[in-house]
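Beneath this line is the structure, given in structure tokens, with notes to follow.
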Amino acid sequence: MICTESKKNINIKPKNKLSDRRRKELITGLVFASPVILGFIIFVVGPMIASGYFSLTDYSIASTPKWVGFDNYKNLLTGGDPFFYKSLIVTTIFVIFSVPIQLIFSLMIAMLLNNDVKFKGVFRTIFYLPTIVPAAASSMIWIWLMDPDLGLFNTILRSLGMPTSKWIFDEKTVLPSLIIMSLWTTGSTVIIFLAGLQGVPKQLYEAVEIDGGNSIHKFINVTVPMITPTLFFNLVMGFINGFQTFTQAYIMTNGGPNNSSLFYAFYLYREAFSNFRMGNASALAWILLIIIAVFTFILFKSSNWVYYEGGK
């Protein structure tokens with residue numbers, strides 16, 4: 001009996017010490033994580049709850065919110081606001097064309113930078129630098145580049161004897177011009193692709209060479225399958241970022257000409273801070289959240305083409 005009781009006491013003490021240590025670690029962890037947790041609650045969860053409430057009201061900042069239920073959503077979805085579907089179509093067209101072009105361009109640059117060339121680090125820095133330039137400053141530079149009279153692009157076209165363009169100042173060319181401009185900030189995508197390319201085992205390329213394959217065979221049968229997780233990540237992020245395009249329309253085109261560059265995020269901003277229809281703007285924000293969530297879900301469900309080395 002004495003031995004049994006002593007064993008019990010021996011077993012109990014470490015458990016108490018262990019639980020005390022875990023409790024202290026938990027408290028310490030929560031203390032250090034509290035700024036992030038509080039920031040998430042105050043600046044993310046709080047505004048989301050507020051916008052969800054405002055989306056069900058008629059609220060114009062200066063007046064008290066008046067409960068209207070789902071009238072804001074009905075008005076938008078049934079065509080009561082003519083700019084809703086216009087902005088949605090413009091943004092969708094931009095995403096459909098810009099995201100694939102960005103992915104192809106970024107992958108090409110990453111493959112070039114993945115080779116053993118002189119000043120490789122310098123070239124990587126050059127391609128990444130535009131991503132850290134403030135968006136407002138980049139937009140001002142591109143306004144000058146695309147100026148129909150004094151812009152660099154038209155100056156080069158004139159010197160080559162080629163027809164010039166109005167670029168962002170014409171409703172037929174404004175979206176293609178902004179799609180071209182979107183390639184300016186693909187540096188982060190290039191870096192991610194470069195990391196994926198460097199993770200491809202070299203012995204797979206050697207196996208293709210032994211079988212008599214060339215560079216095209218290596219790209220199709222080794223490179224593409226092995227970087228599909230990276231490709232999928234960049235596809236999802238490009239889609240999400242594309243639907244939130246704002247700066248170009250705000251600084252460069254103001255949604256014009258003739259609302260041909262009225263991006264959804266810019267239209268949301270205009271409803272909130274120009275027209276002071278906060279209720280309608282909040283409804284627009286929640287619709288955008290649902291659109292992005294649905295299409296992201298579809299992308300994940302259709303991602304059976306993605307190869308993971310460790311399995312699914």
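The values are calculated or read from the model by the stated rules, or taken from the named source; none is laboratory data. Predicted, not measured: the structure shown is a model, and the values here were computed from it. Cβ placement follows ideal geometry from the backbone for every residue including glycine, while neighbour counts extend to all protein chains displayed. The area values use the complete protein model at the heavy-atom level, side chains included, leaving out ligands, DNA and RNA. Shrake-Rupley method; radii C 1.70, N 1.55, O 1.52, S 1.80 Å.
Against the condition among the small types (Gly, Ala, Ser), more than 17 Å from the chain's Cα centre (by Cα), surrounded by fewer than 12 Cβ atoms within 10 Å (Cβ to Cβ) and over 30 Å from residue 253 (Cα atoms), how does residue 121 come out, does it pass? Here the answer is yes, as residue 121 does meet what is asked.
Residues considered: 63, 51. Of these, the only one that is hydroxyl-bearing (Ser, Thr, Tyr) and either assigned to a strand (DSSP E or B) or exposed (fewer than 14 other Cβ atoms within 10 Å of the Cβ) (or both) is 63. Can you find a residue in region 227-237 that is within 27 Å of residue 47 (Cα to Cα), open to solvent by less than 40 Å² (accessible area, probe 1.4 Å) and in a helix (DSSP H, G or I)? Yes, region 227-237 has at least one match.
Here's the yes/no breakdown for (1) open to solvent by 60 Å² or more (accessible area, probe 1.4 Å); (2) out of contact with any helix residue (DSSP H, G or I) (no Cβ under 8 Å at 6 or more places or on another chain); (3) modelled with pLDDT of 90 or more:
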position: 160; (1), (2), (3): yes, yes, yes
position: 168; (1), (2), (3): no, no, yes
position: 177; (1), (2), (3): no, no, yes
position: 210; (1), (2), (3): yes, yes, no
position: 213; (1), (2), (3): no, no, no
position: 218; (1), (2), (3): no, no, no
position: 241; (1), (2), (3): yes, yes, yes
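Of the numbered criteria (1) out of contact with any helix residue (DSSP H, G or I) (no Cβ under 7 Å at 6 or more places or on another chain); (2) in contact (Cβ under 8 Å) with a residue 12 or more places away in the chain; (3) among the hydroxyl-bearing types (Ser, Thr, Tyr), the one residue 106 fails is (1). Just to be sure before I move on: is residue 76 free of Cβ contacts under 8 Å to residues at least 40 places away in the same chain and part of a helix (DSSP H, G or I) in the structure I sent? For residue 76, the condition - free of Cβ contacts under 8 Å to residues at least 40 places away in the same chain and part of a helix (DSSP H, G or I) - is not met. The condition of being open to solvent by 50 Å² or more (accessible area, probe 1.4 Å) and touching a Lys or Arg at 6+ places or on another chain (Cβ under 8 Å) holds for only one of 71, 20, 58, that being 58.
Just a yes or no: is a residue in region 81-96 closer than 30 Å to residue 198 by Cα and crowded, with 16+ Cβ neighbours inside 10 Å?
Checked region 81-96: at least one residue is closer than 30 Å to residue 198 by Cα and crowded, with 16+ Cβ neighbours inside 10 Å.
Among the criteria (1) buried (at least 18 other Cβ atoms within 10 Å of the Cβ); (2) assigned to a helix (DSSP H, G or I), the one residue 245 does not fulfil is (2). The numbered conditions (1) closer than 27 Å to residue 105 by Cβ; (2) touching a residue at least 24 places away in the same chain (Cβ under 8 Å); (3) under 19 Å from the mean Cα position of the chain (by Cα) are all true for residue 285 except (1). Checking region 253-261 against the condition returns a match, with at least one residue being closer than 18 Å to residue 96 by Cβ and buried (at least 20 other Cβ atoms within 10 Å of the Cβ).
With the condition being in contact with a strand residue (DSSP E or B) (Cβ under 9 Å, 6 or more places away or on another chain), over 30 Å from residue 236 (Cβ atoms) and aromatic (Phe, Trp, Tyr), I'd like the helices (runs of 4 or more DSSP H) fully within region 108-218 carrying at least 1 qualifying residues.
none
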